[in-house]
Every structure is written in structure tokens, then in C-alpha cells.
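Asker: Would you mind keeping the following structure in view while I ask a few things?
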Amino acid sequence: MRNVVALVVLSIFLLVGCSTRSISDSGYRDGGYYGHRNDNTLYKGEINEFDVLGIDAGKEYTEEEISNELKKDKKRISLRKGDSILVIQSGAMIPDQYMIENMERYFSVSVFTGVPEKNKEHNSSYSRSLRYSAAKAGIEKIFVYWGVLEAGSKNLATKTVSWVPIMGWGVPDESQEIRIRLKVALVDVKTGKWEIFTPEVFHDSAYSARANRAQSDQEQVALLKSMAYKSAVEGTLARYVK
């Protein structure tokens, strides 16, 4: 019985903490995984697929309308290197520089806000306004991406000795694994046609002490973003550039 109790206590002590944050709100939070404090006052939430794709989530579509959509020409969206593209990162005023730099290697890039509108009336009108804005600039495609960072932390055995004054701050006592998942939508400005794909998922693990927890976390985030954004652009090239 004592062994069972000991195992339960140990499992609680080594309990894995989990958290999820947007790539547009990816700063380090003090307080641990169960006490995050959001200090990013610029982050106002995400735009969603309905906003971007012009689908009225509140409308009841008939079977005839669905059937008619299937009968329409379903020619895939295509791109050429050098094309003008409007790049939007959901939740961010400006896309991350890693993404802009990777996109600019192959396309002429303009950027647009991904901060959700407070007073938008309908998803379809928001989408048309977005397409109209791109059309006025002579841009034929809109590239929108969403992303989440999923993190888990686990206390290490060394945490039991971190009571030593001062020195404990430099002893690695926690392991953190983060993975990044992206979703990309490509919208044709002229027709409103769209396609969505998910690039490769990337993981990274790192050990940290209390003294360098924030730095370690942000280094992981930067590394994962750089890999995921490169993969997203390469996936776009492979799917749409002929």
C-alpha cells in the first residue's frame, strides 16, 4: 500500500503541465502552466476560416445549393513565382518576419492585418472586403495562416534540490517540449475559390532552470516558427507553383 501511495505522490510531483498559445501571442508567461498571465495587450483573438473563406456560418444551405457547388469547375488554384500575394497571420497586426522573409524569396509580398474586426456583420461581407482590398492593389491571391504552440513541461529530479539558496536558480529542473501546428489557406481573389492545407508538425525539447526559463522558452518558439514557416512556404510551392 505504501508503494502505491508513493507512486501516486511521485506521479503528482512529476505531473506534466500543458498549455496552448497562438503563434500571434507567443510570448513567455510567468506563473507556470497553471497560472499564465497574458501581458500582450495587442492580441485581440483570431480570425477564423468563415471570415476568410466567405462562408456564412448562420445560413442553412439547401441540398440543391450543395449539389450545384459540386457541379462547378473545380480547377485547382495555381501560382507562379513572382506573383503578388497578400499575406495575413491570424491574430497579428503584421505577419512574423520569419514568414515574410520566406515568402519574399518566391513572391511579391504585401501584408494585411489579421486582427479580428469587432463589428463585422457577416463572414461573407468580411471576405469580400478582404478580396476587394487585395484587388485594388492588383493582388490575385491571399495567403492566410493560423498556428498554435502546444507545450508540456515536466519537473525533473533536480527540482528537489532547488532549495539551495541562489544556486538552485541555475540548476536545470524542468523539461519543456513544444510543438507547432500551422494551417494555411490560399484564396483566389477573383473567384473566391480556396484551398487549405496543414504543413509538417515540428517538435522541440529543452531543459531549463528558473533563471533562464523565459529565454529557453522563447528560443524554442523562435526555432519552431522558423522551421514551420519554411515548411509552409515549401508546401505552397509544391502544391500550387507549376
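The values are calculated or read from the model by the stated rules, or taken from the named source; none is laboratory data. Note that this is a predicted model, so its numbers are computed, not measured. Positions of Cβ are backbone-derived with ideal geometry, glycine not excepted, and every protein chain shown enters the neighbour counts.
Asker: Would you confirm, using the coordinates I've provided, whether residue 184 is at pLDDT 95 or above and not in a loop (DSSP other than H, G, I, E, B)?
Answerer: The answer is yes for residue 184.
Asker: Related question: Which residue pairs have Cβ atoms closer than 6 Å, lie 6 or more positions apart in sequence or on different chains, and pair a first residue in the range 129-152 that is at negative phi with a second residue that is part of a helix (DSSP H, G or I)?
Answerer: Matching pairs, first to second residue: 142/134; 144/52; 147/23.
Asker: If only one of 92, 137 is surrounded by 18 or more Cβ atoms within 10 Å (Cβ to Cβ) and among the hydrophobic types (A, V, I, L, M, F, W, C), which one is it?
Answerer: 92
Asker: Within the bounds of the range 70-84, is there any residue that is modelled with pLDDT of 95 or more and buried (at least 18 other Cβ atoms within 10 Å of the Cβ)?
Answerer: Yes: the range 70-84 contains one or more residues that are modelled with pLDDT of 95 or more and buried (at least 18 other Cβ atoms within 10 Å of the Cβ).
Asker: If I go through the range 189-202 residue by residue, how many of them are surrounded by 16 or more Cβ atoms within 10 Å (Cβ to Cβ) and assigned to a strand (DSSP E or B)?
Answerer: The qualifying residues number 2.
Quick grid of which residues meet (1) modelled with pLDDT of 70 or more; (2) of a type in the set (S, T, N, Q):
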site	(1), (2)
167	no, no
176	yes, yes
179	yes, no
190	yes, no
193	yes, no
197	yes, no
201	yes, no
205	yes, yes
209	no, no
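Asker: Continuing with this model, one more query. Could you tell me which of the residues 205, 226, 216 is touching a strand residue (DSSP E or B) at 6+ places or on another chain (Cβ under 7 Å), over 18 Å from residue 141 (Cα atoms), small (Gly, Ala, Ser) and not in a strand (DSSP E or B)?
Answerer: Being touching a strand residue (DSSP E or B) at 6+ places or on another chain (Cβ under 7 Å), over 18 Å from residue 141 (Cα atoms), small (Gly, Ala, Ser) and not in a strand (DSSP E or B) holds for just one of 205, 226, 216, which is 216.
Asker: Something else now. Considering every residue within the range 56-66, establish whether at least one is in contact (Cβ under 8 Å) with a residue 60 or more places away in the chain and among the aliphatic types (A, V, I, L, M).
Answerer: Yes.
Asker: Continuing with this model, one more query. Mind telling me which of the residues 111, 115 ends up being aliphatic (A, V, I, L, M) and touching a strand residue (DSSP E or B) at 6+ places or on another chain (Cβ under 9 Å)?
Answerer: 111
Asker: Scan the range 213-238 residue by residue and report those that are loosely packed, with under 15 Cβ neighbours inside 10 Å and either at pLDDT below 95 or small (Gly, Ala, Ser) (or both).
Answerer: 214, 215, 218, 219, 222, 238
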